[in-house]
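Enquirer: Here's a structure for you.
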Amino acid sequence: MSEARALVTLRCAVADEMTRVFGDGHWSTRPCRREVVRQLRASQVLVARRGEEIVGTVRLAWPLTWAIDSRGFTPVEKALYVLGLAVAPEFRGQQIGRQLMDAAKDRARATGAQALWLDAYDHVAGAGPFYMKCGFRKVGATNYRGVPLSYFEWSGTA
């Protein structure tokens, strides 16, 4: 799977850049190929390309009720959880993240999901302000295994 290799390279470059800018943190984790292959099988992976090169990615998965506390989100029959938004450092500022989030909204509509849910680090390294610019609203906060997170949602009817 050459796509898995490209996704590992991209996500490692993002983790390294986040560590360089914000210091060591939960965002410093570099994925291995096996983890990325598992994620490709278990979720819907969207990619942004420039030519043949993958320059951005985001994953969508049906929420696992045991893995998240969904009480802060607006109750819906079907929601998709947004995971792992990553844009290659040299391509930031070119609207790739926004395009990926628009594609996630399109995928939600196409699959009948009424909402997109996500969490972001409640830290300067977190993307909360970006998600709000993309039409998400903050609906809560939590502390998961010592990591402060903010919850955001987008309603498919918005």
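Enquirer: Tell me which of these L100 doesn't satisfy, since it passes every other one: (1) in a strand (DSSP E or B); (2) in contact with a Ser or Thr (Cβ under 9 Å, 6 or more places away or on another chain).
Expert: Going through (1) in a strand (DSSP E or B); (2) in contact with a Ser or Thr (Cβ under 9 Å, 6 or more places away or on another chain) one by one, L100 breaks only (1).
Enquirer: Condition check: within 25 Å of A48 (Cβ to Cβ) and of a type in the set (G, A, S). Does A141 satisfy that?
Expert: Against the criterion (within 25 Å of A48 (Cβ to Cβ) and of a type in the set (G, A, S)), A141 does not qualify.
Enquirer: Select from region 98-139 the residues that are over 19 Å from P63 (Cα atoms) and among the basic types (K, R) and write down the one among them that is farthest from the chain's Cα centre (by Cα).
Expert: My answer is K133.
Enquirer: Same structure, new question: Before we move on, is Q99 free of Cβ contacts under 8 Å to residues at least 12 places away in the same chain, out of contact with any Gly (no Cβ under 7 Å at 6 or more places or on another chain), surrounded by 14 or more Cβ atoms within 10 Å (Cβ to Cβ) and closer than 23 Å to E17 by Cβ?
Expert: no
Each row is one residue, and each column tells you yes or no for (1) over 23 Å from W27 (Cβ atoms); (2) among the hydrophobic types (A, V, I, L, M, F, W, C).
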| position | (1), (2) |
| --- | --- |
| W62 | yes, yes |
| P75 | yes, no |
| F91 | no, yes |
| R98 | no, no |
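Enquirer: Return the residue satisfying two criteria in turn: it lies in region 108-139 and is in a helix (DSSP H, G or I) and touching a strand residue (DSSP E or B) at 6+ places or on another chain (Cβ under 6 Å), and of such residues it is farthest from S43 (Cα to Cα).
Expert: The residue in question is G128.
Enquirer: Using beta carbons and a limit of 7 Å, which pairs, at least six apart or on different chains, have the first residue in region 10-26 and among the aromatic types (F, W, Y) and the second one surrounded by 15 or more Cβ atoms within 10 Å (Cβ to Cβ)?
Expert: Qualifying pairs under 7 Å: F22/A125.
Enquirer: May I pose another question? Would you check if there is a residue in region 43-57 being aliphatic (A, V, I, L, M) and under 26 Å from P148 (Cβ atoms)? First the steps, then the outcome.
Expert: Restricting attention to region 43-57, the residues satisfying the condition of being aliphatic (A, V, I, L, M) are 45-48, 54-55.
The next check asks that each one be under 26 Å from P148 (Cβ atoms); those that pass are none.
There is no residue in region 43-57 that is aliphatic (A, V, I, L, M) and under 26 Å from P148 (Cβ atoms).
Enquirer: Related question: Please verify whether region 9-18 includes one or more residues that are modelled with pLDDT of 95 or more, touching a Leu at 6+ places or on another chain (Cβ under 8 Å) and surrounded by 18 or more Cβ atoms within 10 Å (Cβ to Cβ).
Expert: no
Enquirer: If I filter region 64-76 for residues that are surrounded by 13 or more Cβ atoms within 10 Å (Cβ to Cβ), under 16 Å from the mean Cα position of the chain (by Cα) and at pLDDT 90 or above, do I get at least one hit?
Expert: no
The values are calculated or read from the model by the stated rules, or taken from the named source; none is laboratory data. Remember, predicted model here, so these are calculated numbers, not experimental data. Positions of Cβ are backbone-derived with ideal geometry, glycine not excepted, and every protein chain shown enters the neighbour counts.
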